[in-house]
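Asks: Have a look at this one before I ask anything.
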């Protein structure tokens, strides 16, 4: 019987090309329970169905694992007590967990100047008119 010559070792590039593409697999983490059969599937006892339904109801929302971009809102006030005779735009930060004022503010004696600064520094803001429920010193809101 004739002897075969051994094949030379393939380079890493050749191995990558020769490898078949594999299907992406979901990651299993300890935080996320494995999926089980649907509650209406045969084979599950009624008490297990109810327990499984309760487990799904207690899972945290998907946004808890990912960072949430806060919503930024600017309120424009007319002659507030701390800046008499001026218009002041104050920045507010809103997320799922809190709503708080920031330390940033813009002030001027002219409403037009405050609006121009908001438009030039923060492109994409939308001006909302004052609502009847707003305080008497609030002129408008920018989101």
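The numbers here are math on the coordinates, done by the rules we state, and not lab data. All of these numbers come straight from a predicted model, not from anything done at the bench.
Asks: Remind me, relative contact order of the range 98-143 in percent, using alpha carbon pairs under 8 angstrom and six or more residues apart?
Replies: Taking the mean separation of contacting Cα pairs over the length of the range 98-143, I get 26 percent.
Asks: Find how much the distance from residue 112 to residue 93 grows on full extension, using 0.36 nm per residue of separation minus their present alpha carbon separation; answer in nm with one decimal.
Replies: 4.5 nm
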